[in-house]
Structure formats: C-alpha cells, structure tokens
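Notes to accompany the following structure.
The values are calculated or read from the model by the stated rules, or taken from the named source; none is laboratory data. Predicted model only: the values in this text are computed from it and were never measured. Here Cβ is always computed from backbone atoms with ideal geometry, including for glycine, and neighbour counts include all displayed protein chains. Heads up: the accessible areas ignore ligands, DNA and RNA and are worked out on the full protein's heavy atoms, side chains in. Shrake-Rupley method; radii C 1.70, N 1.55, O 1.52, S 1.80 Å.
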Amino acid sequence: MREALTAPGSAWGFLARKRGGIRADWTDYVTYAYLIAGVVVMLAPVLWVVLSSFKGEGNLTQFPPTLLPETIESVTVQGYDRPLSLFRVRRDDGTTVTLAQVRRVGIEAQMVDPAHPEAGRITVPVDRAEPVRKFHIATENYTRLLTSAGGRIWSSIYNTVFITVVATLITLVMNAMAAFALSKYKFRGSNLALLAILATLMVPSTIVLVPIYLIVSELGLVNNLWGVILPVISTPTGVFLLRQYMLTIPDELLEAARMDHASEWRIFWRLILPLSTPALAVVAIFSIMSRWNDFLLPLIVLNKPEVHTLQIALAGYTDENGIQYGMLLAMTTLTALPLALGFIFLQRYITTGIASTGIK
Amino acid sequence: MKGFEEKAMGVLSAIASLPARAVEPLMVLLQRVLGVGRLPWVFLLPNLTVILFFSVLPILINVLYSVTGSDNLYPSERHFVGLANYATLLECGDYLDPSTCSRDLFWRAVRNALVFVPSQVVVMIGFALVTAIALNRRIHARGFFRGIFFFPVMLSPVVVAMTWVWLLQRDGALNGVLGAFGLDRLSWLSDPARAFKWSIFVTVWAHMGFYTIILLAGLQSIPADIYEAAKMDRASPWRVFSRITLPLLKPVLLVVFILCTIRSVQTFDEIYVLTGGGPGTATKMIVHYIYETGFAVMPRNYGLAAAASLMLGVVLFLFTALQMKLSRKGQDA
C-alpha cells in the first residue's frame, strides 16, 4: 500500500516525495498542509475582490454571494420592449417551468411563458421563483469608473504616476550622488555625513507630521504634487545600500578615468552609475513601491480632489454617501495592478533586497 | 527572463542619468572653482539639504510647537505655554480609566496600543517564523509559496483595508461562508472587540511576508552540516528546532522583533481605512490621534499633536537605539 502511494508517476507520489528522492515523513505533510492553507488565506481575499469587481450591480448585493460573476438570464419576448428576466418556477405538482418575469408586485410576480407569450400573464408567488443565472463578466464597473465624474480617476492616476516616477528618479540620482561621495572620496567629515544621513532613520514621518506640514506650506506646496515628493526623496537606506555597493567598485577604474581627464561628475554618471545598476534597481523598486503606496503624507498635504492620488481617492470612496461597491472594487483592483504585475517579474530582486537590508 | 530584467535596468539607468547630463557644465565649473577635495560636499548637498529641511528642522519645530499654544500654524503667531501641552495630555484623574483624563481620546489610543502592539507583534512573528521554517524545508515549488506569502506586502494599506472591508461587510464573503455552514451573519467591524481582533489580523496578513523573508534569510544562513549532524544523532524535530534553529536564529529574531514593534506602534493607514478607528474609539491608534488632533478636527491643535508626536518619538527612539545596539552586538558575535 505504501509503495503504491509513493510510486513515482502518481500525483500523490509526487507530493509525498521529498526533494532529493527521500521518502516523506509526517512533518512534510504538516508543512504542505500549512503552506496550502496559507495560499488560501493569502490569495483568496484578493482573488475575491478581483472576481467581485467583474460583477454587475444586482450580483454584488446578492446574499449569499456567488463565487463567479453571474447575471440573470434574460430573453426578448414578443410584445415586450425590454428583455425579460428568466425564472425557474416551481409548480404545485412539483414540476418546474421556466418563465419570463414581466413585473413584480409585492410578493407576487407576473410572468409569461416565453414560448407562448400569447397565452397571457401568469401570477406567481415570488418565493416559488428562482432566477436563472449564467456566468457573465460585467465590465461596467470599470467603464463607469473610468468615465464617471468627468473621468476624475484619470487625474488621480496621473498624479500617482507623476509622483512615483519623478520622486524615484530624483531619489536615484540624489542618493547615488551622496553614496558616491561617501564611498569614493576620503575627506574630513565623511563619517559624520554618513551618520547624519543614517540618523534620519530615527525620524519616521509619523512623528513629524505637523512640522513637515508647516514647511511644505511655507514652501507654498500644499495641494501641490511636489509637496509630497520633496519630503521623501532622500532615503537613508537607499544611500546606505548604494554606498555599500559602490565600495566594491575598484578605485583603479576611477584613476584610469582621471588619467583620461574625465571630470568627477563624468566619472560619476558615466562610470559609477552604470556599474551600480543592480543596487540602483533595488533602490528604484523600493522607491516605486513606497511612492505608489504612500498614504499619510498625501492625506495631509493633498486636500483638493484634483490633486488626490489613487490611494487617497480610493480611501475617500467610503466617505461619499452611498458607497458604490462596484466602482470601489474596480478601483481597488486597478490601484493594486501595477505593483502586482511588477512583483511577478521582479520578485527575486524584492525579496533579496529585503533580506539583505531589512528595509522596504 | 534574465534578458528582460537586464534590459529593464538598462532603461532605468539611462533615464536616471538624463538629468545628470544637464548639470554637467555646472559640476565641471564647481570642480574647477572648489577643487576635487571639496567636491564630495557638492555631491552630498542635495541629500543634506533635504535632510535638514525634512528631518532635522521638523524635530526642532516639533519641540517649538509642543511648548506653544494657539491654533495658528505659523510659529510667530504662537505664544509660549511651557509644558502645558504635555500637562494637558498627561492630565488624568485615574490612569486606568481614560474617561477621567483631560484628553481621553489620547489615553484610549495609548490603551489600545498597549494591547494592540504586543498582540500584533506576537501573532506576526509567530506566523512569520512558522512560515519561514516551512519555506526553508525541502519542499516543491518554494518560489511559488514564498511569492504567495509575500505579495500582500506589495499591496498598499488602502488596498489591503478595502479588500477586507469588502470581505467582512454584512453581505460579504465571510458571512456567506458562515451561512453555508448554517451560521448567522455577524457584523465583524461594527462590534468593538471583533473590530480590534480583525485589525490585528488584517495588519498581520498584510505585513507577515516581510518578516518571513528576513527570517528565511536568517534560517538559510544556518550551516546545513549542523542539521546533518543532528540527523546522525537522530534528534527529534522539536529538539532540532529548540536546540539548533532557535538559538542560531536569535539575533535575526531580535531585529525582526524590534522592527515589528517600531512599525506596530506607528500603525495607522490600514486601520484608518478599515474601521476609521471605530466603532467608537475601539481601534483608534496613537498616530490616528495625532492626525485627528493636528489635521482632521477643527480647530486644529498643532501644539497637542506635536507634544504627542514627541512622546511617541521618544518611545520609537528607545526602540531604535536598542535595535542598533543589538545588531552591533550580533555583528561582533
């Protein structure tokens, strides 16, 4: 029996076989049970949101909810302008018949037989009727989201993309410059400068909200996208990561460039920057992630709808009277999509980046 | 795949060096005027300027705000009140009963944090550790499982909160599943105790992957031959865990513990969107109090917000200092 279960080729045998061909023991079953349970807990909520975002209005408010997006099947019946919804109706003798609903009055519904509309309307108690459902992907949540309120969502998308791209580019150049100075020059005060930069780790933005707001407003940048870019472009961990990487670049390369009369700036951006791409990629990924997801600073600095980022617009959706779950779900999906796609391609960089620095 | 990654990085660095081309003439001039010896400071200038304006100055201004009154934002319009803001925050008839405090919301937030932080940290590290150990075993599809546990870290706090709002609403999926087992619908987020537990669960769900990755790296740095030796001695799995894994993982665990605590104390985004701090004040955290006092509730009380920020800052500073001390110790060992 045991041999049969673990025989190569069978699916069970594949799972039970350990890497390296050693037979599995109970700890392996526990491990897989835990991991598979984890997949369900981690993945199901997000899949549920994505599935729900493709549900039509009636399907969304239905309880118990349907797993897949569905809609009530409808037919065009002769003599009626609009398509009529189909219902499966239980008759007194236990048999069922499929009828089209013309209208509903209280607990009774008037229906016609779609095959014989000329036979006239039949009155049916609603608790006897069960709608006929079919799988149907509704894209109306997305189309409404992208077109409603004069396409306000597009300005949120633009703002978020602008902040993310501009802040990341500046972060890369600025942090690389500092890292270059701190790794390739010996000068008095270099340790002090490094310490000053790293010490800012001790000042999380949550505890300097009021003064940052004051400075941003003194600079005239309240309700301006630069107001959420400037405070965050210097990332101490980015400087540190880049500096550690640049230390591994041999100094002889710089000397050779200097022999060729290259200016220090040219050495920086023609030699050091290209050689630091792996570290720059990690810093870029983390910067994009943080800027795309920023919430607290935009919340206090960007108050007008036209400067809202996606995150602020999404969070604000709950405040409007009558939450429109359809659009909310579509927006949630759209907001998460770019990073989710990026993650699929860049998982290795992200996880090794975290493992080696303990930052995000 | 590899080709794509390299291409993407090439494009990134090409774009990143565009502004660099523009400033070249200026930098060449500066090099000539200042000499190579002073040039590093030019390279450091942008960073140090940002740090001065958005890290150093804010701390000083925070101190200034915390000892001045009035709801005016501009320091020149504010009058000195000494330690009155701190006194107001700390004034309490009975510290065990927030309703006797002059700023009862602050104390409710503190009390919430005192329960939230330890619970969240324990649950978070517990699950992260179990997951890391599972992922460190010889398993199939390790990359897939690691990705699944990690991906919520990429989601924004707002997306995370919205996802769970949708799942936990009255007609939501969770109640649907319960209904399938013949159970009644529950309101998960409008009951104080349940909302608090869900706040812990949702934040753990969102951030667990981050700590899992750090712990996994720690586990992978434990030499394999130690485990081989234990296997020779036919040590039980529990013994291997308690005598080898745990002691060798201790330095990493400490770092994770402190990182997690520092973040936990500052929890705001997810809960703000998930429950709005409610029902009532059941899930209001300290940063939420600072945000409300300084920005959301009129008249804005910048002084109180600054005083609360500084007190939170001291707590965070102590944790960070502890972390630095411990990680240095870990490097020496």
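Answer yes or no as to whether A:L273 is within 16 Å of B:P157 (Cβ to Cβ) and in contact (Cβ under 8 Å) with a residue 60 or more places away in the chain.
no
From the set of residues in the range A:326-358 that are open to solvent by 20 Å² or more (accessible area, probe 1.4 Å), closer than 19 Å to A:A279 by Cα and among the aliphatic types (A, V, I, L, M), which is nearest to the other protein chains (Cβ to nearest Cβ)?
Only one residue fits best here, namely A:A355.
Tell me the strands (runs of 3 or more DSSP E) entirely within the range A:57-115 that contain at least 3 residues that are farther than 26 Å from B:A180 by Cα and open to solvent by less than 40 Å² (accessible area, probe 1.4 Å).
It comes to A:96-105, A:108-112.
Please determine, by comparing only the residues of the range B:111-155 that are free of Cβ contacts under 8 Å to residues at least 12 places away in the same chain and part of a loop (DSSP other than H, G, I, E, B), which one is farthest from the other protein chains (Cβ to nearest Cβ).
B:A141
Keeping to the range B:242-299, report how many residues are closer than 18 Å to B:L216 by Cβ and basic (K, R).
Counting residues in the range B:242-299 that are closer than 18 Å to B:L216 by Cβ and basic (K, R) gives 1.
Considering each residue of the range B:203-235, count those that are small (G, A, S), more than 10 Å from every other protein chain (Cβ to nearest Cβ) and not in a helix (DSSP H, G or I), and give that number.
Result for the range B:203-235: 1.
Could you grab me the full set of residues in the range B:31-85 that are among the aromatic types (F, W, Y) and surrounded by fewer than 16 Cβ atoms within 10 Å (Cβ to Cβ)?
Once the filter is applied, which keeps residues that are among the aromatic types (F, W, Y) and surrounded by fewer than 16 Cβ atoms within 10 Å (Cβ to Cβ), the range B:31-85 yields B:Y74, B:F80.
May I ask you to verify whether A:S276 is open to solvent by less than 10 Å² (accessible area, probe 1.4 Å) and on the phi < 0 side of the Ramachandran plot?
Here the answer is yes, as A:S276 does meet what is asked.
Read through the list (1) open to solvent by less than 40 Å² (accessible area, probe 1.4 Å); (2) within 11 Å of chain B (Cβ to nearest Cβ); (3) touching a residue at least 60 places away in the same chain (Cβ under 8 Å), then give the number of the only condition that A:L225 fails.
That leaves (2) as the condition not met.
Since B:S190 meets every condition but one in (1) touching a Pro at 6+ places or on another chain (Cβ under 6 Å); (2) facing another protein chain (nearest Cβ under 10 Å); (3) open to solvent by 50 Å² or more (accessible area, probe 1.4 Å), which condition does it not meet?
(2)
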